[in-house]
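Working notes for the structure below.
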Amino acid sequence: MMKMPGMYSCHDVQELVTCGTVEELGAWDRLRFRMHLMMCHHCARFVRQVRSLGDAVRRLLGAPPDPERVQRLEEAVMAHCDGPDR
Amino acid sequence: MAYSPPPEFATPEFLARLQRQDRDAIQQVVHEFLPQILRAARGAGLDETEADDVTQQTFLTFIETLPRFEGRSQVRTWLFGILYHKLREARRGFQKQDRHDDIDDVLESRFDDRGMWQAPPRTADDDVWDQQIRRHLEECLETVPERHRLAFVLKEVEGLATQEICNALEVTGTNLGVILYRARNRLRECLEDRGFAER
């Protein structure tokens with residue numbers, strides 16, 4: 001893809017996406033970002049892959065912990081709260 | 001949908017109860033946030049025993065320091081800040097070491113002088129990416145420095161706002177951007193290196 005004056009480069013897009021700063025862009029910069037993705041299939045793919053990564057990490061690590069384990073830890077913490085030194 | 005703590009936790013009355021270490025108020029906080037702290041500790045790379053221990057230590061410190069808690073940050077941010085300090089005590093990998101990272105060189109080599117891809121992301125069928133990413137993700141997470149991994153987990157899994165993570169990890173917004181940049185890129189590069197991204 002040719003870089004046009006005033007447009008984001010692929011490197012800019014990669015930084016914006018992986019630093020997580022896309023959501024902080026103003027209206028004009030967001031438009032520039034979207035236009036780049038419409039014209040650059042490499043960056044469009046990169047963005048999809050990074051978003052898939054977030055989804056996959058949430059699926060992998062986002063499940064609630066075992067309730068019995070949680071309860072055991074809660075009880076241990078509260079036992080300290082009720083301990084003789086308090 | 002983003003997680004919201006119970007609104008009661010932000011009231012002056014609840015804060016006062018916490019400051020005088022009111023048992024019921026503490027129990028409410030423990031019940032609400034212990035699963036999140038435990039999950040974040042595991043997500044940051046600790047095994048089950050270590051995660052249990054660090055979680056318990058986090059809440060014990062929370063209880064001990066409550067008289068000093070002034071409510072300037074949310075209870076949850078305060079807790080994640082304590083967790084971060086406990087992780088730093090437990091593992092060297094959570095120390096601040098952000099000056100240079102090999103992943104930066106890998107990324108620079110992917111672009112030409114004009115900032116255009118010279119080594120674009122390898123093509124993959126998006127469905128295949130979605131189905132297979134999980135299998136390798138756990139191993140690739142091991143390649144991410146622990147501190148970066150914690151920031152990434154707080155952002156992507158626990159859904160903390162940028163400012164909350166900055167407060168908990170004691171970094172600026174710019175630093176957090178660099179940390180997340182490196183974590184995401186390292187994970188993506190690792191997965192691509194494993195070849196399953198190719199069609």
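Just so you know, all these numbers are worked out from the coordinates, no wet-lab data involved. No experiment lies behind these values; they were computed from the predicted model shown. Cβ atoms come from the backbone with ideal geometry, glycine included; neighbour counts cover every protein chain shown.
The figures follow:
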| quantity | calculated |
| --- | --- |
| Whole-angstrom Cα spans of region B:7-94 along principal axes, big to small | 38, 20, 19 |
| Rounded to 10°, Cα long-axis angle of helix B:126-141 versus longest principal axis of chain B | 60 |
| Chain A - Cys residues lacking any other Cys C-beta under 4.7 Å | A:Cys10, A:Cys19, A:Cys81 |
| Proportion of all alpha-carbon pairs of region B:102-193 beyond 14 Å (%) | 70 |
| Rg(Cα) / (2.2 N^0.38 Å) computed for the protein assembly as shown, rounded to two decimals | 1.11 |
| No Cys partner within the rule (Cβ under 4.7 Å), chain B | B:Cys166 |
| Dimensions (Å) - chain A, Cα atoms, principal axes, largest first | 71, 25, 18 |
| Number of partner chain Cβ atoms within 10 Å, mean per residue of A:8-21 | 6 |
| Vicinal HN-Hα couplings computed from phi for region A:39-44 (Karplus, 6.51 cos²θ - 1.76 cosθ + 1.60; Hz; Gly/Pro x) | 9, 10, 6, 5, 5, 4 |
| For chain B, projected area of the alpha-carbon convex hull averaged over all directions, nm² | 12.9 |
